[in-house]
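As structure tokens, the structure follows; a few thoughts come after it.
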Amino acid sequence: MNLPDGSECAVPDRMSLAEFEAFPWPEDRRWELIWGVPVMTPSPQPSHQDLLFQLAKVLDIAVKETGFRMFYGVDVRLPGQTSYLCPDVSVFEADADVSKVPIAAIPRLVVEGLSPSTAANDMGTKRDAYAAAGIPEYWIANPSTNGLSILVEPADGAYRELTVAPDGFIASPTLGKRLRIRHVEYGFEIDVR
């Protein structure tokens, strides 16, 4: 890996949280630590960004109604494990300490936008890390299928996946809303009920 000063540095296969936080990561790339393994997160595709932006708009309104706080792309250090993640969207309780990054509070809800290069982590190791941390709700948004998976009730390191209704809506227990993703000519729209 090239460092900002032009020198090269090898990224270790495994790291502690302290090693990860002290490592000279380049500014132009985003890295996460998942169960002690450093993983480079590629730049998102436009469809990924569009879908996440639409979801963030919906979340912004919903969190104001519920008193939660929402952040887009902020680093989160999951307590009790060697994971330092940057969910696409994070929702926290209103009284959570979000005064410094990485945020050490447990999010109430996290959202990841699926892409071919991140799918294995988003639906595997990251999902497992979120469940082990006790994050009550995890959304996986898939721009390729217009799908939204909502995973809830983490127990023994695993989630239960909610079922999409015949009308295409899926309910978020945290927000008390039903959502449906639709692909339209100019991108995505989110229907909320």
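Readers should treat all values here as calculations from the given coordinates under stated rules, not as data from a laboratory. The shown structure was predicted, so the numbers you read here are calculated from the model rather than taken from an experiment. Methodologically, a virtual Cβ is constructed for each residue, glycine included, from the backbone with ideal geometry; neighbour enumeration extends over all protein chains shown.
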Matching residues, the range 160-183, being within 24 Å of Ala94 (Cβ to Cβ) and either part of a strand (DSSP E or B) or touching a Lys or Arg at 6+ places or on another chain (Cβ under 9 Å) (or both) | Ala171, Ser172, Thr174, Lys177, Arg178, Leu179
When restricted to Ile140, Ile150, Ile190, the only residue free of Cβ contacts under 8 Å to residues at least 24 places away in the same chain, surrounded by 17 or more Cβ atoms within 10 Å (Cβ to Cβ) and in a strand (DSSP E or B) is Ile150
Out of Gly73, Gly36, Gly80, sole residue that is under 19 Å from Ala141 (Cα atoms), surrounded by fewer than 19 Cβ atoms within 10 Å (Cβ to Cβ) and touching a residue at least 12 places away in the same chain (Cβ under 8 Å) | Gly73
So Lys126, is it over 18 Å from Pro87 (Cα atoms), among the basic types (Lys, Arg) and surrounded by 15 or more Cβ atoms within 10 Å (Cβ to Cβ) | no
